[in-house]
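Each remark here refers to the structure printed beneath this line.
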Amino acid sequence: AIRVAQLGGKPTLIEKGIPGGTCVSRGCIPVRALVRAAELIDLGKSARDYGINYQDGGIDFSKMMARKDTIIKTVSSGVRLLLDANGVEVVNATARFLSPSEIEVRLPDGTSKILNARRTIIATGSKCHTPEGNVTLGAKVISTDEALSLHDIPGSLLIIGGGFTGLAFATIFSRLGSKVTVMEESDRLLPGIDAEIVSVMEKELKKNKVQIYTGTTPNMSGSSGEAKVSITRV
């Protein structure tokens with residue numbers, strides 16, 4: 001949208017969430033903020049090796065999450081300033097096509113309006129994939145969105161998916177003291193990533209007592225509050 005404006009166009013950006021989308025609100029930015037917090041836990045533990053002794057080694061999870069929220073607001077505000085500075089019209093709404101050139105915009109107050117555009121860029125981001133089974137998202141079965149809004153550190157956590165997102169959460173919560181298990185359908189973690197890097201990552205996870213199952217798929221059953229998971233070898 002910014003580039004279109006710089007090239008002389010008149011862009012309208014339709015976004016139901018905050019500017020920045022998945023990356024800023026529930027992806028790279030907040031996850032990285034929590035990874036950094038988890039790194040500081042390990043640095044504190046090894047500080048004595050450098051002649052430094054930290055007396056208080058406690059974890060204030062609420063403060064950690066509050067800092068993450070502050071970072072999201074800061075980055076999103078910066079994105080909004082860039083949009084405004086470049087003359088991009090931002091509409092907080094959802095939209096659907098009526099024709100290749102007509103778009104119905106549905107506003108939060110329930111009203112709608114029609115926009116006409118010569119060109120439309122679809123950049124709708126992503127959403128979490130829910131494994132097959134009879135369980136829906138709820139108190140015990142959550143997506144990464146809910147994981148970023150937890151109020152307490154879980155005693156145990158099963159992470160389905162050994163890609164970079166799943167392993168980021170495994171790193172965070174294992175260092176926070178959770179008992180973490182990771183399940184990955186491929187025959188190794190981080191499919192498509194260099195094997196040497198994967199080997200280093202596995203060692204770090206196992207050092208933090210993360211249990212890893214590769215070449216497996218989950219079979220989920222029960223209610224969202226009392227979900228049960230069994231393992232099937234691929």
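The values are calculated or read from the model by the stated rules, or taken from the named source; none is laboratory data. What you see is a predicted model; the values in this text were computed from it and never measured. Virtual Cβ from ideal backbone geometry, glycine too; neighbours counted across all protein chains shown. Side chains included, ligands, DNA and RNA excluded: accessible areas come from the protein's heavy atoms. Shrake-Rupley method; radii C 1.70, N 1.55, O 1.52, S 1.80 Å.
Quick look at the values:
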item	result
Extended-chain gain in nm, criterion 0.36 nm per residue less alpha-carbon gap, A47 and I153	35.8 nm
Distant alpha-carbon pairs in the range 1-130 (separation over 27 angstrom), percent	40 percent
Student exercise, the range 1-137 dipole from Lys, Arg, Asp, Glu Cβ charges, in Debye to nearest 20	320 debye
Heavy-atom surface of the range 1-97, accessible at 1.4 Å and reported per residue (Å²)	66 Å²
Gained length - R96 relative to F164, 0.36 nm times residue gap less alpha-carbon distance	21.3 nm
Carbon plus sulfur fraction of accessible area for the chain, probe 1.4 Å, in percent	53 percent
Eligible lysines near K207 by straight Cα distance, threshold 19 Å, same-chain separation 8 or greater	K45, K179
Accessible area, probe 1.4 Å, largest first, for residues E15, E89, E196	E196, E89, E15
All aspartates and glutamates inside 12 Å of K206 as judged from Cα atoms, apart from same-chain residues fewer than 8 positions distant	none
Two-site label geometry, L40 and K113: point separation in nm, points 7 Å out along Cα→Cβ	4.4 nm
Reachable lysines from K10, criterion Cα separation under 20 angstrom, eight or more residues apart if same chain	K113
Total charge dipole magnitude, the range 91-132, about the Cα centre, Cβ charges on Lys, Arg, Asp, Glu only, Debye to nearest 20	180 debye
Label-point separation, A85 to C128 (7 Å along Cα→Cβ), nm	3.5 nm
Beta bridges by DSSP in the chain, antiparallel share as percent, to the nearest 5	55 percent
Nearest-20 debye value, the chain charge dipole, Cβ charges on Lys, Arg, Asp, Glu	260 debye
Distance between the range 1-74 and the range 165-222 - C-alpha centres, whole angstrom	22 Å
Most fluctuating residue given options L190, L107, L157, as computed from a GNM of the chain linking Cα atoms under 10 Å	L107
